[in-house]
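A.B. asks: Structure in structure tokens, see below.
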Amino acid sequence: MTTNTDDRNPTPDRAEDNAFFPSPYSLSQYTSAKTDYDGITYSQPYQGDKKILMIATDERYILMQNEKFFSTGNHPVEMLLPMFHLDNAGFAFDVATLSGNPVKLEMWAMPNEEQVVLDTYKKYEKQLKAPLKLADVLEQALSADSPYAGLFIPGGHGVLAKIPHSTEVKQLLKWALANDKYVITLCHGPAALLAAAVDENPQDYIFKDYQLCVFPDSLDKGANIDIGYMPGKLPWLVGENLQKLGVKILNTGITGQVHQDRKLLTGDSPLASNNLGKLAASTLLADPELR
């Protein structure tokens, strides 16, 4: 069966009523069998015992304003390419979801000719399918002898489900800032930063005046609907809500831009996956506290 790549109609997801994957046309524009990975590896990796805690989404469906479901999850390139860089630089991962249910991935975006991504998926596949429950690692993560050097929250629209409203994610974000730990995220992943505002005075938002890169609202309001990537308007917009809390967004488009503000490392889109991975790996390797 051939696919009509001119078709801009979202593709029905037969596993759920009134649910849709991105259209064939949008996938022809937004996905590729290869990434911009440039072959870099790390010859002097980290030798310590600090790990990265990855908080991934366990939810596939986002209910849009028109009552249609968007069938989404975490974007595999946004997850696995930064993971490759950090793993290759010597940092192991623990994988957690809010429920302990499996990580949901947008497998339609898997770059099937990018070996480092495929190898990273294979290495962590068991953890992705049987992750830790975030509540179960919270006490250890927040302890004085925490095993974690920081948090990684990959993108994909699925992060909009529950993670931005989680008090567990809130506690981890507050821990990271209070203890000079890293927060690494990209594309829609910065939606997770909204969790730090749950039940708090907006004036006291811990990321107020931080600069970051995030997927542009303009695309989620416009092109992503026009080309059938999404079946309707999102319930809310990431950038708009971050800006209300005083966050400064640096990018207007998706060019692969990344940025570091203190220990918050961010990227603008899937195109930033390789750049963010390199930035994260080099930054953590250069940190004297991790030597």
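A.B. asks: Whose amide H sits under 5 Å from the amide H of residue 184, counting only residues 5 or more places off or on another chain, with H placed in the peptide plane?
C.D. replies: Result for residue 184 returns 151, 152, 153, 265.
A.B. asks: Hey, which aspartates and glutamates would be in cross-link range of residue 233, C-alpha to C-alpha under 12 Å, not counting anything within fewer than 8 residues on its own chain?
C.D. replies: Counting by Cα, and skipping residues close in sequence, residue 233 has these aspartates and glutamates nearby: 67, 217, 220.
A.B. asks: Also, I was wondering about something else. Rounded to whole Hz and in sequence order, give me ³J(HN,Hα) for the stretch 224-230 from the Karplus expression 6.51 cos²θ - 1.76 cosθ + 1.60, θ = phi - 60°, writing x for Gly and Pro.
C.D. replies: With coefficients 6.51, -1.76 and 1.60, one gets 5, 8, 4, 9, x, 5, 10 Hz.
A.B. asks: At 222 nm, what helix-only mean residue ellipticity would the chain give, in deg cm²/dmol to the nearest 500, using -39500 (n - 2.57) for each DSSP H run of four or more?
C.D. replies: -8500 deg cm²/dmol
A.B. asks: Anything over 19 Å Cα to Cα? Flag those among 123/170; 51/248; 104/133, in the order listed.
C.D. replies: The answer is 123/170; 51/248.
A.B. asks: Quick check: convex hull of the Cα atoms in the stretch 1-120, volume per residue, rounded to a whole Å³?
C.D. replies: That works out to 130 Å³ per residue.
A.B. asks: Taking K and R as +1 and D and E as -1, what net charge do the other residues with C-beta under 15 Å from the C-beta of residue 222 add up to?
C.D. replies: -1
A.B. asks: Further question on the same structure: If the viscosity is 0.890 mPa s and the temperature 25 °C, what translational diffusion coefficient in µm²/s does Stokes-Einstein give for the chain when Rh comes from Kirkwood over Cα pairs?
C.D. replies: The estimated diffusion coefficient comes to 129 µm²/s.
A.B. asks: Once you wrap a convex hull around the alpha carbon atoms of the stretch 1-45, what is its projected area averaged over all directions, in nm²?
C.D. replies: 5.9
A.B. asks: When only C-alpha pairs under 8 Å and at least 6 residues apart count, what is the relative contact order of the stretch 166-291, in percent?
C.D. replies: 28 percent.
A.B. asks: How big is D for the stretch 195-291, in µm² s⁻¹ as a whole number, if Stokes-Einstein is applied with the Kirkwood radius of its Cα pairs at 37 °C and 0.692 mPa s?
C.D. replies: D = 219 µm²/s.
A.B. asks: If you count, for each residue, the other Cβ atoms within 10 Å and average over each peptide, how do 119-132, 144-157 line up from highest to lowest?
C.D. replies: Ranked from most to least packed, the peptides come out as 144-157, 119-132.
A.B. asks: Another one. For a test of the definition: using alpha carbon positions, the gyration tensor, and the 1.5 limit on a/c, classify the stretch 73-137 as rounded, prolate or oblate.
C.D. replies: Oblate, because a/c is 1.5 or more while a/b does not exceed b/c.
A.B. asks: Could you state the principal axis extents of the C-alpha atoms in the stretch 150-195, from the largest down, to the nearest angstrom?
C.D. replies: Dimensions of the stretch 150-195 along the principal axes of its Cα atoms: 29, 19, 11 Å.
A.B. asks: With the other protein chains left in place, how much accessible area per residue, in square angstrom, belongs to the stretch 64-204 at a 1.4 angstrom probe?
C.D. replies: So the stretch 64-204 comes to 37 Å² accessible per residue, rounded to a whole number.
A.B. asks: Let me ask you something else. Per q in 0.13, 0.18 Å⁻¹, report the Debye log10 I(q)/I(0) for the stretch 83-186, using one uniform scatterer on each alpha carbon and no solvent.
C.D. replies: Log-scaled intensity ratios, in q order: -0.50, -0.99.
A.B. asks: Ok, one more. Step through the residues of the stretch 130-138 one at a time and calculate ³J(HN,Hα) from phi using the Karplus curve (6.51 cos²θ - 1.76 cosθ + 1.60, θ = phi - 60°), rounding each to whole Hz and writing x for Gly and Pro.
C.D. replies: 9, x, 6, 8, 4, 4, 6, 9, 4
A.B. asks: So if I place +1 on the C-beta of Lys and Arg and -1 on the C-beta of Asp and Glu, and nothing else carries charge, what would the dipole magnitude of the stretch 76-223 be about its Cα centre? I want it in debye, nearest 20.
C.D. replies: About 260 debye.
A.B. asks: With bins 5 Å wide starting at 0, give me the P(r) of the stretch 128-255 over every alpha carbon pair, in whole percents.
C.D. replies: Bin by bin from 0 Å, the calculated values are 2, 10, 19, 23, 19, 13, 9, 4, 1, 0.
A.B. asks: Quick check on the stretch 41-104: take the gyration tensor over C-alpha atoms, sort the square-rooted eigenvalues as a ≥ b ≥ c, and tell me if it's rounded (a/c under 1.5), prolate or oblate.
C.D. replies: Note, shape of the stretch 41-104 comes out prolate.
A.B. asks: Roughly how many Å² of residue 252 are accessible to a 1.4 Å probe, to the nearest 10?
C.D. replies: Accessible area of residue 252: about 120 Å².
A.B. asks: Would you mind calculating the relative contact order of the stretch 172-233 from Cα pairs under 8 angstrom and at least 6 residues apart, reporting the percent as a whole number?
C.D. replies: Over the stretch 172-233, the number comes to 28 percent.
A.B. asks: Using heavy-atom solvent-accessible surface (probe 1.4 Å) with all chains present, what is the largest-first order of 262, 60?
C.D. replies: 262, 60
A.B. asks: Now for a different question. Could you pull the accessible area for residue 52 with a 1.4 Å probe, rounded to 10 Å²?
C.D. replies: 0
A.B. asks: Which one of 90, 277, 73 has the biggest mean-square fluctuation once the chain is modelled by GNM with Cα springs under 10 Å?
C.D. replies: Of the options given, 90 has the highest mean-square fluctuation.
A.B. asks: Do you know the relative contact order of the chain, to the nearest whole percent, from alpha carbon pairs under 8 angstrom that are 6+ apart?
C.D. replies: 22
A.B. asks: Now for a separate question. With Cβ to Cβ distances under 11 Å as the rule, what net charge do the other residues near residue 96 carry (K, R +1; D, E -1)?
C.D. replies: Local charge sum for residue 96: -3.
A.B. asks: Right, something else. Under a cut-off of 16 Å between alpha-carbon atoms, report the lysines in cross-link reach of residue 244, not counting same-chain residues fewer than 8 places apart.
C.D. replies: Counting by Cα, and skipping residues close in sequence, residue 244 has these lysines nearby: 208.
A.B. asks: Of the accessible area of the chain, with the probe set at 1.4 angstrom, what percent is carbon plus sulfur?
C.D. replies: 47
The values are calculated or read from the model by the stated rules, or taken from the named source; none is laboratory data. Computed from a predicted model, the values in this text were never measured in an experiment. Here the Cβ is made from the backbone with ideal geometry for all residues, glycine too, and neighbour counts use every protein chain on show. The area values use the complete protein model at the heavy-atom level, side chains included, leaving out ligands, DNA and RNA. Shrake-Rupley method; radii C 1.70, N 1.55, O 1.52, S 1.80 Å.
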